[in-house]
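What follows is a set of notes on a single structure, which appears directly below.
Where a number appears in this text, it was derived from the coordinates with a stated rule and is not lab data. This one's a predicted model, so the numbers in the text were calculated from it and none came from an experiment. For neighbour counting, all protein chains shown are included, and Cβ atoms are generated from backbone atoms with ideal geometry for every residue, glycine included.
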Amino acid sequence: MNARQKRLFEDALKKNPNLKMPTEGPPPELTEDDLALLKQGVGDKSGRPQHSADGTGEGGEEGEAQPHRGAIMTYFEEKGFGFLRPENGGKDIFFHVSRLQQAQPTDLVPGTKVLFELGMDRNGKIAASALWIAPPEEPPAA
C-alpha cells in the first residue's frame, strides 16, 4: 500500500473503527473508486453488488461503470467550474469544464440534465471525472 492509500485508510478507520485491513496474500491494488470509498469512510467495495444495464444489481462486466444522473446547479463560466446535484440525492459534486465530453461549455446552464462519472480531483475530493449532457428522456409508452 502506498502512502496515499495508507493515509486514506487511516482516515476511513477514524470514521469506521470496524474497518479491517486485509492481511492475507499480496495487497490488492486499489482503484480510484476504492480510494473514493475509503475517503468517505465506507470501506472496500467487495461486498457491493455490481449493477447491470437493466438496474437489477446483478452481473455486468467488470470495470464497467454506469454513469450517474444529475442536474447542473451552478456553473461559473469565467472560472470553468461548477457544481451538479445527483438525481438520487446527496451532496453537490464539483466538476471542471475540462471533464465535459462532446458538448459545449455554453450548454452548462442551471437545470441542465447531465450524466457523470465520479472520481477524485487533484486534492483527493470527490468530483466528476467525466460529464455528458443527458439525452432527452423519452416519455413512457402508453
For this session: For a footprinting-style exposure proxy, rank L108, L118 by other Cβ within 10 Å, fewest first.
Result: L118, L108
For this session: Please work out the FRET efficiency for the pair K79 and A103, using the Cβ-Cβ distance as r and a Förster radius of 22 Å; give the result to the nearest 0.05.
Result: 0.75
Exercise. Per residue, how much space in cubic angstrom lies within the convex hull of the C-alpha atoms of segment 68-133?
Worked result: 72 Å³
Seminar exercise, completed: Computed from the beta carbon distance with a Förster radius of 30 Å, FRET efficiency for E137 and D33 to the nearest 0.05 stands at 0.65
